[in-house]
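Asks: Here you go, one structure.
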Amino acid sequence: MLARTVTHALVGIEPRRIEVEAHIERGLKAFTIVGLPDKACQEAKERVRSGISSAELGWPAAGRITINLAPAQLRKEGSGFDLPIALALLAASAQLPRDALDGHAAFGELALDGRLRPVPGALVAAEGARRAGLRRLLCAAESGPEVALAGVEPVGVAHLAEAVSYLRGERGPPDLPPPSDDFETLADVPDLADVRGQERARRALEIAAAGRHNLLMAGPPGTGKTMLARRLPGILPLLADEPSLEVTRIHSVAGLLAPGSGLVRVPPFRAPHHAASVAGLIGGGHVGIRPGEVSLAHHGVLFLDELPEFQRPALEGLRQPLEDGFVQVARVTGRVTFPARFQLVAAMNLCPCGARGHGAAECSCTPERVQRYREKLSRALLDRFDLLLAVPRPRAVELAGAPAEPSTPVRERVLAARRRLREQPLERTRAADELLTRAVDRLPLSGRGRARVGRVAETIAALAAAASVEPEHVAEALSFRPPSELVE
């Protein structure tokens, strides 16, 4: 006998329809899965056999069982095929009505005792089911709220026996709690009021938030560079529906969504260790192609602390997504495109020992060592930072002072500036244009650098609620070009 059900494989963050065909015939006892399954998918044979037995269902009496995962040329990865294989097998052995699986997709991993476990990518699988015209998706109960985000009715069950009972018509779809957006997690973001002093760095952070600019902070250890960077999400606007769904989709594939969570509304903040590999930062991997940190920071912030300590190939790999907003990972098995429109914030010391620029400590680095340290960052990468500033050591009176301006009023100014920039771009006055032209001749500004200075000046004007970009706005934007501590 033959039966079919539908599931979806994940190719990057896109679903691919997979038909799971189960065929049972007389012959020598065998259980075979074909259709280019990986190791985890092949091991489904043991999980499905034990799960069906634990659900007190009958194992097919006929000898030969063949499971085909079509299309055969697409590699099937992961354990999400367990549930559709089990259901197709039960339908082929007449333990489910012939038409019970019509209009349904299935996605989930089986435990040996028949329980259903959630697997990464349930949201993407649900989107595939919706595109295929399927109304319901059988999944683990924990994946139900995630599936509901795609506009498909989730049939969340805790055990294979519950799924069978539902398909036999003995019970209706279980009630699941609605997904909850993470609006309230904005309260967990650190507040700018914790930062004492560093008025220039706070100003740079506000400009970066208002104009989505990339920011590089350089200075001795302990001056507050990391502290400032971690407070950037608190002054960014919450994500709208479409970008929020994109971010949630990526985090679903990566397995980062908490059970029962809804759309990711707070811009993500990713801070990988400087030992991260190229694949970890950009995307890829030996087993399947997975999104890297640049994609996990999509519509959010990617913070690279100790920037020169990252591998040079990993840093150079940032150049393409910074310009294009996506990253393409090519392998022998195919090419996958991940969205990667993120805001890059980085921090570094001014020399290897960290004492340069400290004031109270003496730098022990030779000029050659300092030069080698700076050469770890290419001019092409530095040119992609809109704002570069030296963060000095704060004075004692600043550290002992009262709390600074909190994040809430700063965030309101950022939101107002973004509205102005969205409604009408600001034009530069003739005097501002002349100042920018003179700066190109006198400063080491490339064509890209000139464009970035113009964008920063426009953001500064929007924060000031000005009608046009004036020379003082261009002058402030030029002050955030590479500081002398980085180029001398």
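Asks: Can you name every residue in region 117-129 that is of a type in the set (A, V, I, L, M) and open to solvent by 10 Å² or more (accessible area, probe 1.4 Å)?
Replies: Once the filter is applied, which keeps residues that are of a type in the set (A, V, I, L, M) and open to solvent by 10 Å² or more (accessible area, probe 1.4 Å), region 117-129 yields only Val119.
Asks: Still on this model: How many of the residues in region 340-349 are assigned to a loop (DSSP other than H, G, I, E, B) and either of a type in the set (Ser, Thr, Tyr) or open to solvent by less than 10 Å² (accessible area, probe 1.4 Å) (or both)?
Replies: So the answer is 1.
Asks: Looking only at region 69-110, which residues are of a type in the set (S, T, N, Q) and either in contact (Cβ under 8 Å) with a residue 60 or more places away in the chain or crowded, with 19+ Cβ neighbours inside 10 Å (or both)? So that I can check it myself, show each step before the final result.
Replies: Just the residues of region 69-110 that are of a type in the set (S, T, N, Q), to begin with: 73, 79, 93, 95.
Answer for region 69-110, where residues must be of a type in the set (S, T, N, Q) and either in contact (Cβ under 8 Å) with a residue 60 or more places away in the chain or crowded, with 19+ Cβ neighbours inside 10 Å (or both): Ser93, Gln95.
Asks: Output the number of residues of region 398-429 satisfying the condition of being open to solvent by 50 Å² or more (accessible area, probe 1.4 Å) and not in a helix (DSSP H, G or I).
Replies: Count: 9.
Asks: Let me ask you something else. Residues that are within 18 Å of Pro120 (Cα to Cα) and open to solvent by 10 Å² or more (accessible area, probe 1.4 Å): does region 49-57 have at least one?
Replies: no
Asks: Which of (1) among the hydrophobic types (A, V, I, L, M, F, W, C); (2) open to solvent by less than 50 Å² (accessible area, probe 1.4 Å); (3) under 29 Å from the mean Cα position of the chain (by Cα) is the odd one out, the single condition Ala451 does not satisfy?
Replies: Unmet for Ala451, out of (1) among the hydrophobic types (A, V, I, L, M, F, W, C); (2) open to solvent by less than 50 Å² (accessible area, probe 1.4 Å); (3) under 29 Å from the mean Cα position of the chain (by Cα): (2).
Asks: Tell me, which residue of region 350-386 that is under 22 Å from Glu323 (Cβ atoms) and touching a Gly at 6+ places or on another chain (Cβ under 8 Å) is least open to solvent (accessible area, probe 1.4 Å)?
Replies: It comes out as Asp386.
Asks: Also, quick follow-up: May I ask you to list the residues in region 241-254 that are modelled with pLDDT of 90 or more and either of a type in the set (Phe, Trp, Tyr) or surrounded by fewer than 20 Cβ atoms within 10 Å (Cβ to Cβ) (or both)?
Replies: Glu242, Pro243, Leu245, Glu246, Ala254
Asks: Continuing with this model, one more query. Checking Ala218 against (1) farther than 30 Å from Ala240 by Cβ; (2) open to solvent by 10 Å² or more (accessible area, probe 1.4 Å), which test does it fail?
Replies: If we test Ala218 against (1) farther than 30 Å from Ala240 by Cβ; (2) open to solvent by 10 Å² or more (accessible area, probe 1.4 Å), just (2) comes out false.
Asks: Quick one: in region 264-275, of everything that is modelled with pLDDT of 90 or more and touching an Asp or Glu at 6+ places or on another chain (Cβ under 7 Å), which residue is farthest from Asp305 (Cα to Cα)?
Replies: So the residue we want is Arg270.
Asks: Looking at the structure I just gave you, is His299 closer than 25 Å to Leu463 by Cβ, of a type outside the set (Phe, Trp, Tyr) and outside any strand (DSSP E or B)?
Replies: The answer is yes for His299.
Asks: Taking the criterion of being modelled with pLDDT of 85 or more and in contact with a Phe, Trp or Tyr (Cβ under 8 Å, 6 or more places away or on another chain), would at least one residue in region 388-405 satisfy it?
Replies: yes
Asks: Which residue pairs have Cβ atoms under 6 Å apart, sit 6 or more places apart or on different chains, and have a first residue in region 150-167 that is in contact (Cβ under 8 Å) with a residue 60 or more places away in the chain and a second that is open to solvent by less than 20 Å² (accessible area, probe 1.4 Å) and of a type outside the set (A, V, I, L, M)?
Replies: As it stands, the answer is His159/Gly114; Leu160/Gly51; Leu160/Gly114, since those pairs meet every condition given.
Asks: Being over 15 Å from the mean Cα position of the chain (by Cα) and part of a loop (DSSP other than H, G, I, E, B) is the filter here, so list the residues in region 239-255 that pass it.
Replies: At the first step, the residues of region 239-255 found to be over 15 Å from the mean Cα position of the chain (by Cα) are 240-241.
Ala240 - this is the single residue of region 239-255 that is over 15 Å from the mean Cα position of the chain (by Cα) and part of a loop (DSSP other than H, G, I, E, B).
The values are calculated or read from the model by the stated rules, or taken from the named source; none is laboratory data. This is a predicted model, so every value here is computed, not measured. Glycine also receives a Cβ, built like all others from the backbone with ideal geometry; neighbour counts cover every protein chain displayed. All accessible areas refer to the heavy atoms of the entire protein, side chains included, with ligands and DNA or RNA removed. Shrake-Rupley method; radii C 1.70, N 1.55, O 1.52, S 1.80 Å.
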